[in-house]
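Notes to accompany the following structure.
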Amino acid sequence: MFIEIRKAGFINKGAELMLHAAQQKLKERYPGATFVMAPTSKRSDHPYHNLVKLGFYPKASLWRYGIQWGNLANLAPRPLREMYGVVLDREVDVVIDAAGFAYSDQWGEGPCSELAQSARAWKKNGTSVILLPQALGPYASERNRKAMKTVAENVDLIFPRERVSYELLTEVVGEQPNIRQAPDFTNLIAGVLPENFDAEQNRFCIVPNCRMLDKTDQATRDAYLPFLIKCTELLLRKNARPFALVHEGKDDRALADKLSAAVGGIPVVQEKDALRIKGILGACSGTLGSRFHGLVSALSQGVPSLATGWSHKYQMLFEDYGLPEGLLEVGASDAEIERKIAWITDDRERIQAQLKERAEQLKAQSEQMWQQVFAVIDQRIDHRQARRSA
């Protein structure tokens, strides 16, 4: 059985975490499955050598100008394809989409259009398709609305990961039995604390996000770094031992370095492995973050957190964890920022206990989600076996 995991990568640590979490669960259930992923030409994403390290076979895929050029690989002789381990789209039994946040007006019309066209082809081929929990919408674009209707008609399961995403999707396609809300599924995967990480020196984690500079209005962009500086200065005064953690690439690193320089030189920690980043976040006394999966990693391990973000997914995440007061606007007054910093540091034990209780409930929901996914895949296996026996 060929299982494709798509829309997960390596430079984006949230996408990498979802990749590990999905592959781990699927391997446990289907140890004999062959895992497939489409390589890209981007060094920052998932080229061939990254796939091989995790045991993936490459799928012939190249999406350009609204056309799937990877289908040209159908013309290659089968012995040649098998020699290099290349899998055709029509050979894939199950497609697992772990996009995180792609199908929204905020990312243009390309992702929704590509998914709709692919979903029709997969349906025709008999491929089972599941969209794992992810943020969806909004859909003001008529082209995106049409595309998402096509998607809903042609895939087996769609899991909006919170209330607003569910409402934005069902407003377009209506409530359907294959659309079921479930939380972010990376809450089930364990982090790994690096041996060289100084958990005594680095206590309160600040996770910047360059998306706050290109996905927000001008006022928010201008206020973001001064906001981080102000929060860090307050944490230093409280002897909270803050440090900056680079969750993504060079743009987040640039923000972290500017923050460190502005406050006198707090440590800047950078790790390439998403599981090690989660391990670091779990060892902290608290976090102030703008990276969604950095916040999931903290909250799911009971770490008191503050967040400022650029889409509805942040508000909904904190609602799911029963901590709506953890949201903080970059334009908040000095008094409000000081009050929130005092709350997250002084009331830490109570917040931690509350988060751990809620985290267990959300983990149980993630396990239920996987059981629904397995039911679809098992049905696909049964259907294939029955067809072979006929």
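Filter region 208-224 down to residues that are part of a loop (DSSP other than H, G, I, E, B) and not acidic (Asp, Glu) and give me whichever is modelled with the lowest pLDDT. For region 208-224, the residue satisfying everything is LYS215.
Taking (1) free of Cβ contacts under 8 Å to residues at least 24 places away in the same chain; (2) over 30 Å from LEU136 (Cα atoms) in turn, GLU233 satisfies each apart from (1).
Only residues that are open to solvent by less than 10 Å² (accessible area, probe 1.4 Å) and modelled with pLDDT of 95 or more: list them for region 267-278, please. Show your work before the answer.
Going through region 267-278, the residues open to solvent by less than 10 Å² (accessible area, probe 1.4 Å) turn out to be 274, 277-278.
Passing the criteria: ILE277, LYS278.
What number of residues in region 355-382 are in contact (Cβ under 8 Å) with a residue 12 or more places away in the chain, open to solvent by 50 Å² or more (accessible area, probe 1.4 Å) and of a type outside the set (D, E, K, R)? Write out each step before concluding.
Residues of region 355-382 that are in contact (Cβ under 8 Å) with a residue 12 or more places away in the chain, as a first pass: 355-356, 358-359, 362-363, 365-370, 372-374, 376-377, 379-381.
Now restrict to residues that are open to solvent by 50 Å² or more (accessible area, probe 1.4 Å): 356, 358, 363, 365, 367-368, 372, 379.
Restricting the remaining residues to those that are of a type outside the set (D, E, K, R) gives 365, 368, 372, 379.
So the answer is 4.
Residues that are in contact with a Lys or Arg (Cβ under 8 Å, 6 or more places away or on another chain) and open to solvent by less than 10 Å² (accessible area, probe 1.4 Å) within region 1-14 comprise GLU4, GLY14, listed in sequence order.
Report yes if ILE351 is open to solvent by less than 20 Å² (accessible area, probe 1.4 Å), among the aliphatic types (A, V, I, L, M) and within 19 Å of LEU236 (Cα to Cα), otherwise no. Spell out the reasoning first.
Numbers: open to solvent by less than 20 Å² (accessible area, probe 1.4 Å): yes; among the aliphatic types (A, V, I, L, M): yes; within 19 Å of LEU236 (Cα to Cα): no.
In short, no.
When only residues in region 124-166 that are of a type in the set (Gly, Ala, Ser), in a loop (DSSP other than H, G, I, E, B) and at negative phi count, which is surrounded by the fewest Cβ atoms within 10 Å (Cβ to Cβ)?
Residues of region 124-166 of a type in the set (Gly, Ala, Ser): 126, 128, 135, 137, 140-141, 147, 152, 165.
This time we only want the ones that are in a loop (DSSP other than H, G, I, E, B), so: 126, 137, 140-141.
After this cut, where a residue has to be at negative phi as well, the list is 140-141.
On the way: ALA140: 8, SER141: 15.
Once the filter is applied, the top-ranked residue is ALA140.
Restricting region 170-207 to residues that are part of a helix (DSSP H, G or I) and more than 18 Å from the chain's Cα centre (by Cα), which is farthest from GLY137 (Cα to Cα)? Let's see the steps before the verdict.
Taking region 170-207 first, the residues part of a helix (DSSP H, G or I) are 170-173, 185-188.
Still in the running and more than 18 Å from the chain's Cα centre (by Cα): 170-173.
Values: THR170: 10, GLU171: 10, VAL172: 10, VAL173: 12 Å.
Checked region 170-207; the qualifying residue farthest from GLY137 (Cα to Cα) is VAL173.
Is it true that ALA332 is farther than 27 Å from GLN201 by Cα, in a loop (DSSP other than H, G, I, E, B) and of a type outside the set (S, T, N, Q)? Lay out the reasoning, then the answer.
Working: farther than 27 Å from GLN201 by Cα: yes; in a loop (DSSP other than H, G, I, E, B): yes; of a type outside the set (S, T, N, Q): yes.
Yes; evaluated as a whole, the condition is true for this residue.
For region 285-299, check the following and say yes or no: at least one residue is buried (at least 22 other Cβ atoms within 10 Å of the Cβ), aromatic (Phe, Trp, Tyr) and assigned to a helix (DSSP H, G or I). Yes; the residues of region 285-299 include at least one that is buried (at least 22 other Cβ atoms within 10 Å of the Cβ), aromatic (Phe, Trp, Tyr) and assigned to a helix (DSSP H, G or I).
Here PHE318 meets the list (1) open to solvent by 30 Å² or more (accessible area, probe 1.4 Å); (2) over 15 Å from the mean Cα position of the chain (by Cα) almost entirely, failing just condition (1).
The values are calculated or read from the model by the stated rules, or taken from the named source; none is laboratory data. These numbers were taken from a predicted model, which means no experiment stands behind them. Cβ: placed from backbone, ideal geometry, glycine included. Neighbour counts: every protein chain shown. Ligands, DNA and RNA are stripped out before the accessible areas are found, and what is left, the full protein with its side chains, is counted by its heavy atoms. Shrake-Rupley method; radii C 1.70, N 1.55, O 1.52, S 1.80 Å.
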